[in-house]
1. Could you list, in sequence order, the residues of the stretch 35-62 that are over 17 Å from Leu82 (Cβ atoms), without any contact (Cβ under 8 Å) to a residue 24 or more places away in the chain and surrounded by fewer than 17 Cβ atoms within 10 Å (Cβ to Cβ)?
2. Considering only the stretch 68-86, how many residues are closer than 14 Å to Ile38 by Cα, free of Cβ contacts under 8 Å to residues at least 24 places away in the same chain and buried (at least 22 other Cβ atoms within 10 Å of the Cβ)?
3. Identify, from the list Asn210, Asn223, Asn137, Asn195, the residue that is modelled with pLDDT of 90 or more and loosely packed, with under 14 Cβ neighbours inside 10 Å.
4. Which residue out of Ala114, Ala119 is within 30 Å of Leu159 (Cα to Cα), within 22 Å of the chain's Cα centre (by Cα) and not polar (S, T, N, Q)?
5. For the condition touching a helix residue (DSSP H, G or I) at 6+ places or on another chain (Cβ under 7 Å) and at pLDDT below 95, what is the one hit in Ala24, Ala103, Ala53?
6. Are any residues in the stretch 10-25 among the hydrophobic types (A, V, I, L, M, F, W, C), outside any loop (DSSP other than H, G, I, E, B) and crowded, with 19+ Cβ neighbours inside 10 Å, and if so, which ones?
7. Is it the case that the stretch 152-166 has a residue that's polar (S, T, N, Q), farther than 20 Å from Pro71 by Cα, modelled with pLDDT under 85 and buried (at least 18 other Cβ atoms within 10 Å of the Cβ)?
8. Under the condition of being assigned to a helix (DSSP H, G or I) and in contact (Cβ under 8 Å) with a residue 12 or more places away in the chain, which residue from the stretch 101-113 is farthest from Pro16 (Cα to Cα)?
Amino acid sequence: MDILDLFKKGGPAMWPLLALSILAVSVIFERLWFWLRILTQEKEIVDRVLDAAGDNWEAAADIARQATNQPIGRFLYAPLKLVKNDPESFRLALEATAEDELAGMRRGEKLLEAVIALAPMLGLLGTVLGLQQSVGNLKLGEFGTNAVADVPAGIGTALITTATGLIIAIAALVFYRLFQSFVVNQIKVFRKAGNDLELLYRQSPPDFSNNTSIVLRESSRENFTPPRKRGRNKFSGSPEIPENNDSSLDPEQ
């Protein structure tokens with residue numbers, strides 16, 4: 001018996017089960033690709049940033065900026081991109097970014113939870129409908145005849161939806177737990193990397209006096225003149241209008 005034949009015998013409940021299976025497979029493949037990229041690159045990014053931070057904070061910030069396509073890169077770059085910071089701001093930047101990144105890592109979990117809950121229920125619903133159809137076609141006069149022999153076959157066909165729903169739910173549950181374990185491991189990685197970076201910051205804070213970006217910002221602020229000041233400077237070289245008006249309006253002259 002092939003899959004298409006089983007699908008036809010399962011009845012109408014097989015269509016929503018098919019939709020749930022497609023949804024679960026798409027989420028699973030997307031999350032597998034997401035975690036494969038993270039787990040193969042994050043250790044190298046953390047090591048490079050921490051090694052550079054021990055000698056040059058600008059180099060560490062540049063390495064983290066180049067790795068912002070990864071969650072760990074965005075996490076480490078958040079405190080390093082601040083122009084001037086203190087230990088409290090440094091820690092707050094790490095904590096806020098970690099919460100956002102971990103929330104993004106849990107994307108798709110709600111869909112898998114829905115599949116895990118709905119698939120067995122739809123399977124049972126299909127089984128009940130199949131049993132109702134098989135037993136409902138029997139009449140009182142047919143008991144003890146050959147028609148009753150077809151009832152076990154109908155029950156077996158009705159159980160197809162239950163088996164299908166359980167298979168979908170079990171597969172989704174396995175990957176759901178796997179992805180949750182990845183998130184728990186990322187919490188440990190983020191905590192360790194953040195603590196190491198903050199420890200380096202407290203031991204040797206960056207020297208902002210040599211930061212060219214700060215010098216450029218401060219020089220741009222000094223050269224900036226508000227619109228009102230530019231308006232007054234524009235007429236600073238013209239004759240003083242109040243003195244001319246006073247002499248022209250003097251009634252004694």
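The values are calculated or read from the model by the stated rules, or taken from the named source; none is laboratory data. Quick caveat: nothing in here was measured; it's all calculated off a predicted structure. We place every Cβ from the backbone using ideal geometry, glycine too, and count neighbours over all the protein chains shown.
1. Result: Leu36, Thr40, Lys43, Glu44, Asp47, Asp51, Asp55.
2. Looking only at that region, the number is 0.
3. Just a single option satisfies the conditions, and that option is Asn195.
4. Ala114
5. On the way: Ala24 fails: at pLDDT below 95; Ala103 fails: touching a helix residue (DSSP H, G or I) at 6+ places or on another chain (Cβ under 7 Å).
Ala53 is the lone residue from the list that is touching a helix residue (DSSP H, G or I) at 6+ places or on another chain (Cβ under 7 Å) and at pLDDT below 95.
6. Quick first cut of the stretch 10-25, residues among the hydrophobic types (A, V, I, L, M, F, W, C) only: 13-15, 17-20, 22-25.
Cutting the leftovers down to outside any loop (DSSP other than H, G, I, E, B) gives us 14-15, 17-20, 22-25.
Listed by number, the residues that qualify are Met14, Leu17, Leu20, Ala24.
7. Within the stretch 152-166, the subset polar (S, T, N, Q) is 157, 161-162, 164.
Of the ones still in play, those that are also farther than 20 Å from Pro71 by Cα are 157, 161-162, 164.
Subsequent filtering for residues that are modelled with pLDDT under 85 retains 157.
Subsequent filtering for residues that are buried (at least 18 other Cβ atoms within 10 Å of the Cβ) retains 157.
Within the stretch 152-166 (the criterion being polar (S, T, N, Q), farther than 20 Å from Pro71 by Cα, modelled with pLDDT under 85 and buried (at least 18 other Cβ atoms within 10 Å of the Cβ)), the answer is yes, since at least one residue qualifies.
8. Within the stretch 101-113, the match that is farthest from Pro16 (Cα to Cα) is Glu101.
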